[in-house]
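Since the structure comes first, as structure tokens, the remarks are kept for the end.
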Amino acid sequence: MVAVLKHIFKTTLEENCMLMSMIRWPIGQLILLINFIFSPKSPKRAVTEQSKLDEKTVGLSLYQLPSCPFCVKVRRSIKREGLKIELRTISGKNDYREELIREGGKRTVPCLRIEKADGQVEWLYESSDVVAHLQNITKAA
């Protein structure tokens with residue numbers, strides 16, 4: 001009886017994973033399309049003002065997945081604020097994915113890697129926290 005239940009549970013779990021993949025892909029593509037159509041505009045700044053802001057974002061990197069809705073939220077904020085931040089896509093097996101897991105401690109995106117002037121690194125995981133941090137950088141500039 002236990003073997004039968006394990007087989008049923010395993011099959012159901014595999015079917016659920018496949019179903020989720022089939023649902024997630026078109027939704028992700030829809031999110032990308034909507035983001036493309038309604039992309040925010042970057043602000044126009046004087047060259048010196050933009051240069052000062054760019055200096056403040058040199059140590060920032062965003063670990064992300066292209067169609068993740070929370071990553072889209074952060075990328076839209078980056079564009080809306082006119083920031084230059086390196087995007088590190090973690091899809092598949094790549095160095096950024098491994099780096100995020102090894103140094104950040106988990107494979108959750110979006111994640112903003114903040115390298116401070118003294119070399120210390122902070123990992124910020126929640127999209128709302130990342131957006132607030134980016135807005136604070138812009139306000140302080």
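The values are calculated or read from the model by the stated rules, or taken from the named source; none is laboratory data. None of the values given here were measured: they were computed from a predicted structure. FYI the Cβ positions are ideal-geometry reconstructions off the backbone, even for glycines, and counts take in every protein chain you see.
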- request: Given the conditions (1) modelled with pLDDT under 95; (2) surrounded by 13 or more Cβ atoms within 10 Å (Cβ to Cβ); (3) not in a helix (DSSP H, G or I), report the number of the one that GLY119 does not fulfil.
  value: (2)
- request: Answer yes if at least one residue in segment 28-49 is without any contact (Cβ under 8 Å) to a residue 60 or more places away in the chain and within 19 Å of ARG113 (Cβ to Cβ), and no otherwise.
  value: no
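Condition check ((1) surrounded by 20 or more Cβ atoms within 10 Å (Cβ to Cβ); (2) in the same structural domain as TYR125 (by TED's automatic domain parsing); (3) over 22 Å from GLU103 (Cβ atoms)) across all residues:
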residue: LEU53; (1), (2), (3): no, yes, yes
residue: VAL74; (1), (2), (3): yes, yes, no
residue: ARG80; (1), (2), (3): no, yes, yes
residue: ARG88; (1), (2), (3): no, yes, no
- line: In segment 16-51, anything surrounded by fewer than 10 Cβ atoms within 10 Å (Cβ to Cβ), closer than 19 Å to ARG75 by Cβ and basic (Lys, Arg) is listed as LYS41
Selected residue (only one of ILE137, ILE85 is closer than 25 Å to GLN29 by Cα and not small (Gly, Ala, Ser)): ILE85
- prompt: In segment 55-74, what residues are modelled with pLDDT under 95 and assigned to a helix (DSSP H, G or I)?
  reply: GLU55, LYS56, PRO69
- prompt: out of contact with any Phe, Trp or Tyr (no Cβ under 7 Å at 6 or more places or on another chain), at pLDDT 90 or above and over 28 Å from VAL121 (Cβ atoms), is that true of VAL47?
  reply: yes
statement: Log entry, pairs with first residue in segment 104-131 being closer than 18 Å to PRO69 by Cβ, second being charged (D, E, K, R) and in a helix (DSSP H, G or I), beta carbons closer than 7 Å, six or more apart or on different chains, reads ARG107/ARG97; SER127/LYS73; VAL131/LYS73
- prompt: Among LEU87, LEU83, which is the only one that is at pLDDT 95 or above and outside any strand (DSSP E or B)?
  reply: LEU83
